[in-house]
Amino acid sequence: AVQGRDCWARMLKLERTDPLPSGKSASIHGLTLGWEPRARITHVSQSATASPAFIGLDCRPIAPGQFYVVGDVPATTDPSVTMTDQSHGSVLLHLKGEKSEVVLSSLSGANLAAEDFARRGAIQTRLGHLSVNVKRTPDGFSIIAPRSFVQSIWDDIENAMRIFG
């Protein structure tokens, strides 16, 4: 029985989550991948149309009446708005470079063309086997990914950078 408890204790240690390093980046074939593990990300649910409090912020649609806000969120007294901080469970990735669309397209079935993002702003899609939120930036893409799977997403993108870069 003692051996079983010792084995269980070692399994528990494997479940521990270490803090993510800041400033991680990779540069391959003119593409740059980086992350902001401490980015401020808030989930907003709203029964009404977009509140003036969120105009001009980095708002990313998730579903009807739901979106992520990246950055500082203003306080609101609107009773139709519910805000939940998601910073602890999310990481903001940045993929920059001329071939960033090709790299992400190889991992997602979504249309990542610039003209499609002009109409939608951001999309909720899959990269590999994980659900992420993707927004086009002037020089690439910004991706909100679940913190517990960020290393898997990082590895998938980094491998695609080597192949398609």
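Surface listing: Val102, Val134 arranged by accessible area from highest to lowest gives Val102, Val134, probe 1.4 Å. On region 61-165, 53 percent of the accessible area sits on carbon and sulfur atoms, based on a 1.4 Å probe. With a 1.4 Å probe rolled over the protein heavy atoms of all chains, the accessible area of Met161, Met83 falls in the order Met83, Met161, largest first. In this structure Thr77 has an accessible area near 140 Å², from a 1.4 Å probe over the protein heavy atoms. Note on exposure: Arg40, Arg119 ranked by accessible area (1.4 Å probe, complete protein assembly) read Arg119, Arg40, with the most exposed listed first.
Computed from the C-beta positions of Arg40 and Ser106, the FRET efficiency with R₀ = 25 Å rounds to 0.25. Extension gain for the segment Ser25 to Ala114, taken as residue separation times 0.36 nm less the Cα-Cα distance, is 29.6 nm to one decimal. Residues in region 90-155 average 44 Å² of solvent-accessible surface per residue, probe 1.4 Å, ligands and nucleic acids excluded. Of the whole protein surface, Glu115 contributes about 140 Å² of accessible area at a 1.4 Å probe radius.
The values are calculated or read from the model by the stated rules, or taken from the named source; none is laboratory data. Please read all numbers here as calculations on a predicted model, not as lab measurements. In this analysis, Cβ positions are derived from the backbone assuming ideal geometry, glycine residues included, and neighbour counts consider all displayed protein chains. Each accessible area value is taken on the protein alone, full model and side chains, heavy atoms only, with ligands, DNA and RNA left out. Shrake-Rupley method; radii C 1.70, N 1.55, O 1.52, S 1.80 Å.
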